[in-house]
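Some notes on the structure that comes next.
What follows is calculated from the coordinates using simple rules that are stated; it is not laboratory data. Since the model is a prediction, treat every value here as computed from it, not as a measurement. With ideal geometry, Cβ positions are generated from the backbone for all residues, glycine too; neighbour counts draw on all protein chains shown.
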Amino acid sequence: MVNPIFPFMASDLQTSVGYAGYVASAYTVSSVISGLFSFVFIDRFNKHRILWGCLLFIGALTLAVPFLQSFSYVLVIRLVTGLFGGISLGVAMAVLLDTTPESARGKVIAIVLSAFPMVSIVGLPLMLWVTNALSWHITFYILGMLCIICGGLVYSFIPSMELNLEIKSAHDLLKGLINKKILLGAASTGLSNFGSLILIPLLVLIFIDILHLSTQHLPWLFFVGGLGALLGAKFASWVHDKFSTKTLAVWSTMILMLSMAYLFLLIENSLWFAYSFMFSMMFAAYLRLILISIWTASIPKAEQRGGFNSLQSALNNLFSSMAFMIPSMWLGSGILDQNDLLPILCLAVIVNLIVLPCLKAIK
């Protein structure tokens with residue numbers, strides 16, 4: 001959410017708009033570190049308290065951003081916020097799964113992960129409107145207060161389930177978590193996203209420089225992409241228990257590869273082509289992501305769930321950062337043409353196959 005708002009912040013912070021990437025990277029890197037660190041001990045503590053505590057800290061740190069006058073201070077705040085963010089997502093998923101009957105966990109996972117496409121459909125356009133109409137300060141106040149409200153709701157309405165953790169030493173928990181099945185399961189969701197995330201930083205350049213579309217169509221293209229992701233998540237929650245894991249893994253991977261290979265057509269000045277590509281790619285990406293998330297949720301034991309989800313969240317952020325770096329490293333000139341796009345597109349299509357051997361090894 002901070003990246004698209006940063007251009008409005010840059011002048012007040014007396015810095016370049018190009019520094020937006022540093023702000024995003026600071027949060028991501030620190031969230032990876034905290035996720036990997038919490039992986040080894042999080043299950044020894046009350047996850048309910050950790051969750052609402054993290055949300056309160058994230059809210060307070062977000063509320064502090066509008067009061068800062070220096071880019072370096074904003075960078076430090078985002079680094080610290082990422083430490084709490086890296087813990088909160090994994091712990092939140094663990095708390096929800098702990099308090100949800102096994103038969104309903106697939107739908108719960110789909111609902112939670114549907115929040116990400118909802119950001120594209122509702123959250124991002126709304127926050128950009130607030131930033132344009134009022135100021136970026138108000139946007140951070142809203143985001144901070146929402147985190148604090150969520151922390152209060154978790155504290156008040158989500159039950160705390162205490163596991164008998166006093167008999168579990170750190171050595172016992174870590175020994176149970178360090179095995180091939182756990183590590184591959186935690187990595188599989190990040191690998192599932194890797195191919196599509198390689199293309200995400202290039203989408204604006206693809207639409208404008210290669211397909212020659214107007215910038216006024218960009219918000220609607222991303223809205224359609226968010227809608228496709230949301231419907232993909234809903235479809236995954238409906239189909240996950242109707243076919244075998246192997247069948248769904250193969251079919252969802254083929255659908256994703258075909259949707260991305262569709263971009264090879266590169267039909268210029270065609271809105272229907274751009275809309276159909278965005279919808280199909282995001283639908284397929286979220287279909288496979290939700291299916292894999294549902295399957296891997298059953299891997300850890302109850303007393304390992306917090307650590308497993310923290311590790312999974314950390315690896316997701318790590319793979320995302322690596323995927324985002326590939327286009328930047330490839331496009332040294334900053335200009336995208338078809339000759340530059342095709343190798344990246346081939347890599348993005350082929351890399352989708354990596355997750356299949358991981359799923360086979362898990363089973």
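Below are the figures for this structure:
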item: Anisotropy class of region 171-255 from Cα gyration tensor, a/c 1.5 cut; result: prolate
item: Leu356-Phe116 FRET efficiency (beta carbon distance; Förster radius 22 Å; 0.05 resolution); result: 0.40
item: Violating pairs (Cα-Cα greater than 21 angstrom) within the set Lys234/Lys301; Lys107/Lys301; Lys107/Lys242; Lys180/Lys301; Lys47/Lys301; Lys242/Lys360; result: Lys234/Lys301
item: With at most 13 neighbouring Cβ atoms within 10 Å, loop chymotrypsin sites (Phe, Trp or Tyr not before Pro) (DSSP) excluded, longest segment of the chain; result: 46-242
item: Average Cα contact separation per residue, the chain, under 8 Å, 6 or more apart, as relative contact order %; result: 29 percent
item: Answer label, with P(r) over Cα pairs in 20 Å bins from 0, in percent calculated from the coordinates and candidates [x] 27, 42, 21, 9, 0; [y] 28, 60, 12, 0; [z] 26, 52, 21, 1; result: [y]
item: Shape category assigned to region 228-338 from the gyration tensor of Cα positions, a/c cut at 1.5; result: oblate
item: Within the chain, longest stretch clear of exposed GluC sites (Glu not before Pro) (DSSP loop, no more than 14 other Cβ within 10 Å); result: 1-161
item: Farthest positive-ward along the chain dipole, Cα basis, beta-carbon charges - from Ser196, Ile33, Gly90; result: Gly90
item: Phi-based couplings in Hz for region 233-247 (Karplus 6.51, -1.76, 1.60; Gly and Pro marked x); result: 5, 5, 5, 4, 5, 7, 9, 4, 9, 9, 9, 6, 4, 4, 4
item: Sparse-neighbour loop sites [trypsin sites (Lys or Arg not before Pro); region 265-305; at most 14 other C-beta within 10 Å; DSSP]; result: Lys301
item: Net length gained if the chain between Phe41 and Trp129 were fully extended (0.36 nm per residue, minus Cα distance); result: 27.6 nm
item: Tensor-based shape of region 241-294 (alpha-carbon gyration tensor, a/c under 1.5 rounded, otherwise prolate or oblate); result: prolate
item: Selected from Met329, Met93, Met257 as most flexible by GNM, with the chain as the system and alpha-carbon contacts under 10 Å; result: Met329
item: Check: region 2-362 dipole with +1 on Lys, Arg Cβ and -1 on Asp, Glu Cβ, in debye; result: 900 debye
item: Where Rh is the Kirkwood radius over Cα pairs, Rg/Rh for region 261-324; result: 1.17
item: Whole-number percent relative contact order across region 1-107, with pairs defined as alpha carbons under 8 Å at least 6 apart; result: 37 percent
